[in-house]
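Below: the structure, in structure tokens.
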Amino acid sequence: MKKLQIGVIGYNSSSSIQINQTTLTLAYEVGKIIAKRNAILVSGGLGGVMEYSCKGAKDQGGFTIGIIPYEDSNQANDYCDAVICTGIGLSRDFIVAHSSDGIISVGGGVGTLIELCVGYMTKKPMVAIRNSGGVSDIYGGKFLDERNRILIETRNDPISAVEYIISKTGYI
């Protein structure tokens with residue numbers, strides 16, 4: 001049986017936005033809980049939220065997939081078990097979202113918003129962690145347009161965020 005794949009999206013450390021430690025700690029905890037629940041973590045494979053969530057998963061013996069925008073797998077963070085080199089730049093955000101059964105956002109900027117938009121259009125279960133910053137705080141608890149395709153749920157903590165995705169996907 002296929003394992004549940006949970007996308008973790010959020011701030012990239014290479015952006016000009018300073019990521020606070022609370023956001024990175026939340027990402028790390030999300031990764032740990034995904035691994036504890038025997039799910040696969042899917043991310044954009046770079047730094048910031050992606051790296052911290054992958055590290056959390058690896059510290060719990062989990063499996064991580066990094067879908068990077070580059071052609072060279074050495075660009076991925078050190079905690080990716082499998083690296084998919086797309087060579088298509090930021091268009092890889094579509095692949096991250098489509099490869100995830102559900103999506104958890106932790107902070108994030110415009111790349112995170114793109115992934116949320118793809119999740120919205122494909123009606124993936126999505127949850128934003130409250131008080132993690134950026135688009136997670138702006139769009140959490142909202143529909144992205146008047147079609148009301150799927151609500152971006154909000155949760156206060158990583159455990160309830162992961163449990164929400166599991167409950168909506170029917171895995172595990």
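The values are calculated or read from the model by the stated rules, or taken from the named source; none is laboratory data. Computed from a predicted structure; not experimentally measured. Every residue, glycine among them, receives a Cβ derived from its backbone with ideal geometry; neighbour counts consider all protein chains shown. The area values use the complete protein model at the heavy-atom level, side chains included, leaving out ligands, DNA and RNA. Shrake-Rupley method; radii C 1.70, N 1.55, O 1.52, S 1.80 Å.
Taking the dipole about the Cα centre of the range 66-134, with the C-beta of Lys and Arg at +1 and of Asp and Glu at -1, give me whichever of GLY108, THR122, TYR70 is farthest to the positive side. Farthest towards the positive end: THR122.
Here the accessible area of the chain is 50 percent carbon and sulfur, with a 1.4 angstrom probe and all protein chains present.
Model label sites at MET121 and SER13, defined 7 Å from Cα along the beta-carbon direction, differ in position by 3.1 nm.
Placing unit charges on C-beta atoms (Lys and Arg positive, Asp and Glu negative, everything else neutral), compute the dipole magnitude of the chain about its Cα centre in debye, rounded to 20. Write down the numbers at each step before the final one.
On the way: 16 positive and 16 negative charges, 109 e Å.
My answer is approximately 520 debye.
Express in nm, to one decimal, how much length is gained between SER167 and SER73 on full extension, taking 0.36 nm for each residue of separation and deducting their alpha carbon distance. Numbers along the way, then the final one.
Details: separation 94, 0.36 × 94 = 33.84 nm, distance 3.33 nm.
Full extension from SER167 to SER73 adds 30.5 nm.
A crude spin-label estimate for the pair MET1 and SER160, with each label 7 Å from Cα along the Cβ direction, gives 2.7 nm.
Measuring between alpha carbons in the structure, the pairs from LYS2/LYS168; LYS3/LYS168; LYS55/LYS124; LYS55/LYS123; LYS36/LYS168; LYS58/LYS123 lying more than 21 angstrom apart are LYS55/LYS124; LYS55/LYS123; LYS58/LYS123. For the pair GLU146 and LYS36 in one chain, pulling the backbone fully straight at 0.36 nm per residue adds 35.9 nm over the alpha carbon distance. Within the chain, what's the longest stretch lacking trypsin sites (Lys or Arg not before Pro) that sit in DSSP loops with no more than 10 other Cβ atoms inside 10 Å? For trypsin sites (Lys or Arg not before Pro) (loop position, at most 10 other Cβ atoms within 10 Å), the longest site-free span of the chain is 3-122. Taking a ≥ b ≥ c as the square roots of the eigenvalues of the Cα gyration tensor, the range 1-92 is classed as oblate, since a/c reaches at least 1.5 and a/b does not exceed b/c.
Can you give me the span-like helices of the chain, meaning DSSP H runs with 18 Å or more of Cα extent along the axis and Kyte-Doolittle mean at or above -1.0?
Numbers: long enough: 21-36 (22 Å, 0.36).
Going by DSSP H runs, the hits are 21-36.
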